[in-house]
1. In a helix (DSSP H, G or I), over 30 Å from residue 129 (Cβ atoms) and hydroxyl-bearing (Ser, Thr, Tyr): which single residue out of 366, 303, 338 fits that description?
2. Within region 324-366, track down each residue that is out of contact with any Gly (no Cβ under 6 Å at 6 or more places or on another chain), more than 30 Å from residue 307 (Cβ to Cβ) and of a type in the set (Gly, Ala, Ser).
3. Identify, from the list 151, 170, 155, the residue that is surrounded by 24 or more Cβ atoms within 10 Å (Cβ to Cβ) and out of contact with any Lys or Arg (no Cβ under 7 Å at 6 or more places or on another chain).
4. Mind listing whichever residues of region 117-147 are out of contact with any strand residue (DSSP E or B) (no Cβ under 9 Å at 6 or more places or on another chain), aliphatic (A, V, I, L, M), surrounded by fewer than 21 Cβ atoms within 10 Å (Cβ to Cβ) and in contact (Cβ under 8 Å) with a residue 40 or more places away in the chain?
5. Say we look at region 108-146 and pick out the residues that are part of a helix (DSSP H, G or I), of a type outside the set (Phe, Trp, Tyr) and in contact with a Phe, Trp or Tyr (Cβ under 9 Å, 6 or more places away or on another chain); which of these is farthest from residue 365 (Cα to Cα)?
6. Quick test of your reading of the structure: residue 281 fulfils all but one of (1) crowded, with 23+ Cβ neighbours inside 10 Å; (2) touching a Cys at 6+ places or on another chain (Cβ under 9 Å). Name the failing condition by number.
7. Here is a list: 172, 96. Which entry is under 17 Å from the mean Cα position of the chain (by Cα), over 17 Å from residue 71 (Cα atoms) and assigned to a strand (DSSP E or B)?
8. Of the conditions (1) without any contact (Cβ under 8 Å) to a residue 24 or more places away in the chain; (2) among the aliphatic types (A, V, I, L, M); (3) more than 30 Å from residue 292 (Cα to Cα), residue 381 satisfies every one except a single condition; which number is it?
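Any read-out appearing in this document is the output of simple, stated calculations on the displayed coordinates, not a laboratory observation. These numbers were taken from a predicted model, which means no experiment stands behind them. When we count neighbours, we look across all protein chains shown, and the Cβ atoms used for this are built from the backbone with ideal geometry, even at glycine.
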Amino acid sequence: MCIRDRYQRRVRGSCTAFTMLSVVLLALALPSLGTQPYHELFHSQTLDHFDPSSSSVWPHRYLLNNNSWDGRNPLSNGCKGPILLYTGNEGDITAFWDSNGFMIEELAPKWGGLLVFPEERYYGKSLPFGARSFEPRNLRFLTTAQVLEDIVEIIALVKQQYQAQNCPVIAFGGSYGGTLTALLRAAHPSTVAGGLAASSELGYYDVERWSEHGVDEFTFEDIVIRDYQSAHPQCVDSILQVSQALEQAEPKTVVDTLHLCTTHALNPHQSSMLTYALENFPQMDYPYPIPPMPAKPVNHTCSVLVHATQQFSNSGDPHILIKAAAELTDLFFGYDGSTCIASPGIGGLGNTPGDGPGPGAWGFQSCTETLHQFSAHTLRAYDWTYNSSASICGSVYNGTVQP
């Protein structure tokens, strides 16, 4: 899912989906949080799985819990219970553990499952080159193919350590993690017996068959809009009214009220910071709080904005609307009063809805493998073009990569 490293960087995004937004990951997260303890383990992982001459390794983190793997539901082949594998996402793996009630609180106790959560390379603590991991020359090892092989190696390790060679592995993932689950099952059917891939973007990457998959360039935003409409019938109108108030306000008023560092955060539009948050809240729409997010942040957003527009209709004071926008941007960007909110920078505001090319691991993956051709026509006017994305990639990575 897309809690990922958003609370660390605040500028990632792109938990985009094929036919559903990452909110579908609620299928993987029931109302009880993943509060079971885990073992934080590290494996000397192969750096390059496709170079037989390479012997380089790096410390790969994975989380493991065997509390339920006690033979309570043994299989006919003598296996104590299935291995329940979460295929990771583009972020710190502990965040996905904390939000995954379905596997941890439901499936593992019921089926006596062994829980294994590998962290994706270049995220969280799984940095192949440490602090130098994000230098362009070192990012070449960040590919989906390498990630899949990392998972296969972790599975082999766990099976050996727990004498579970005859235990089936069932994979789970959502958004990019769902794509990993699907590809893992397709590429390694002997390793993974089955998988649940929620919100996978696979259909989006198959551009020539979009019509068959029921998607187009506006599907991402259409689902975002539908989420807000479902939360409150007046929500979208309130969003547009608050956005208009931001556009009409004096720049200094917007900077001061939204606690922004500089006017750079007002580009390309004075409402861009709010739009950025609004496009991403549905990707974190869990039914329970995951600090700093409240439970059901989409509903919370609608409550704040609708209430503000109702107050505005009585008072005529547009500052009410701007303060409502500030409440939401403060929430999304983690404002605590200790410092101002900086612009997400290149690849952030005005970029592909849900985020796309930019700095950092996911920005690099967007520039090399996971580029999403998303446009927008409601929350903002945005027409995706290849040249625009390629320009960002070239700027960030000194022309070393091309989408």
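1. Working: 366 fails: over 30 Å from residue 129 (Cβ atoms); 338 fails: in a helix (DSSP H, G or I).
Criteria check complete, one pass: 303.
2. Passing the criteria: 345, 356, 360, 361.
3. After applying the criteria, what remains is 151.
4. Selection gives 145 alone.
5. So in region 108-146, the residues part of a helix (DSSP H, G or I) come out as 108-111, 130-132, 139-141, 144-146.
Those still in the list that are of a type outside the set (Phe, Trp, Tyr) too: 108-110, 130-132, 139-140, 144-146.
Narrowing further to those that are in contact with a Phe, Trp or Tyr (Cβ under 9 Å, 6 or more places away or on another chain): 108, 130, 139, 144-146.
Details: 108: 32, 130: 18, 139: 9, 144: 9, 145: 12, 146: 12 Å.
Residue satisfying both the conditions and the ranking: 108.
6. Status for residue 281: all satisfied but (2).
7. Details: 96 fails: assigned to a strand (DSSP E or B).
Selected residue: 172, the only one of 172, 96 that is under 17 Å from the mean Cα position of the chain (by Cα), over 17 Å from residue 71 (Cα atoms) and assigned to a strand (DSSP E or B).
8. Every condition holds for residue 381 apart from (3).
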